[in-house]
């Protein structure tokens, strides 16, 4: 979807149409979740600090997020997808993979199906989407970003290898800023540069990801579209308006975070065994501490007991804290009855 959260807000509120808006918080520690295309002309981007967004676009209008509404619209979009194929793999509320090799319409052209889906989203929901069509998930995802907004890009089997060879490494999904800088220092700037290296060399330089890069640039990326992918973890976190130095204040904030997390766990009915505390300091250094239990837990009390110990072990935070988060992983998707009543902490 194109600027999904912002587009939904502009659809619902005519006075915001054609305006530079950002979904997020204007607070000094706020972050832009999504910016309208009017705001993007000024260089405003997702995940940008709100303060920077205001500096780049002084007249920008901030809108508080409404996730219930976005989730509702996302389900409507997914319903359209499901009328073509059951092989739909959601990545988020506004993005999904569809395998239309065999589809409910009997249409042999993936391009025509993508065009039809885009037209239905526009007609029925008054929103725009961009689509990428290709031989695998990796190429389809890259293609979907190439002609936003309201774009449709097709990379045919005959074009695939040449396309990857010309692709800048920073455009490859999974290669972030740090890896891009590392590759640039090694003289690796395109898919063709990666292709020159043997797998052993790539693994030596980039660990397990090296094998992924090796196969990717050779069009050997055959990951299937997996509907109803099992959730691996669930989390909640909070960024503070002012840095926190007092441990008691940290505990108070963590209690609020765990309260939100416990509610989310109960909604999905999947308790977990591994609890992780995330700490981001005022210098943006991020550390995490985890504990894996012998039992599944899902209650606020049980999770918070572990979190309190994690805050002090191996030592309490030594610098002012900007963000605290808690996640639960190693989830039990099969038998919620396995939750034990008593928690045994063994640090």
Query raised in the report: Condition test on residue 345, is it surrounded by 12 or more Cβ atoms within 10 Å (Cβ to Cβ) and either at pLDDT 95 or above or in contact with a helix residue (DSSP H, G or I) (Cβ under 8 Å, 6 or more places away or on another chain) (or both)?
Result: no
Query raised in the report: Looking at segment 216-248, which of its residues are exposed (fewer than 13 other Cβ atoms within 10 Å of the Cβ) and modelled with pLDDT of 90 or more?
Result: 224, 246, 248
**Report entry** Residue check, residue 319 modelled with pLDDT of 90 or more and in a loop (DSSP other than H, G, I, E, B)
**Finding:** yes
Report summary line: Only unsatisfied item for residue 203, checking (1) assigned to a helix (DSSP H, G or I); (2) over 30 Å from residue 169 (Cα atoms), is (2)
Requested in this report: Name every residue in segment 55-69 that is touching a strand residue (DSSP E or B) at 6+ places or on another chain (Cβ under 9 Å) and at pLDDT 95 or above, in order of residue number.
Outcome: 57, 60, 61, 62, 63
Requested in this report: Search segment 171-200 for residues being out of contact with any helix residue (DSSP H, G or I) (no Cβ under 9 Å at 6 or more places or on another chain) and in a helix (DSSP H, G or I), and hand back the single one that is farthest from residue 91 (Cα to Cα).
Outcome: 185
Query raised in the report: Do we have residue 201 as surrounded by fewer than 14 Cβ atoms within 10 Å (Cβ to Cβ), at pLDDT 90 or above and within 30 Å of residue 142 (Cα to Cα) here?
Result: yes
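Okay, residues lined up against (1) surrounded by 12 or more Cβ atoms within 10 Å (Cβ to Cβ); (2) part of a loop (DSSP other than H, G, I, E, B); (3) touching a helix residue (DSSP H, G or I) at 6+ places or on another chain (Cβ under 8 Å):
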residue: 90; (1), (2), (3): yes, no, yes
residue: 97; (1), (2), (3): yes, no, yes
residue: 106; (1), (2), (3): no, yes, no
residue: 113; (1), (2), (3): yes, no, no
residue: 124; (1), (2), (3): yes, no, yes
Report summary line: Residue hits (segment 1-44; surrounded by fewer than 15 Cβ atoms within 10 Å (Cβ to Cβ) and assigned to a loop (DSSP other than H, G, I, E, B)) are 13, 17, 18, 27, 28, 41, 43
Report task. Among the candidates 166, 148, 137, single out the residue that is surrounded by fewer than 17 Cβ atoms within 10 Å (Cβ to Cβ) and either within 20 Å of residue 222 (Cα to Cα) or not assigned by TED's automatic domain parsing to the domain that holds residue 88 (or both). Result -> 166
Report task. Looking only at segment 65-81, decide whether some residue is surrounded by fewer than 19 Cβ atoms within 10 Å (Cβ to Cβ) and part of a strand (DSSP E or B). Result -> no
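The values are calculated or read from the model by the stated rules, or taken from the named source; none is laboratory data. Please read these numbers as outputs of a predicted model, since none were measured by experiment. Cβ coordinates were reconstructed from backbone atoms using ideal geometry, including for glycine residues, and neighbour counts include every protein chain displayed.
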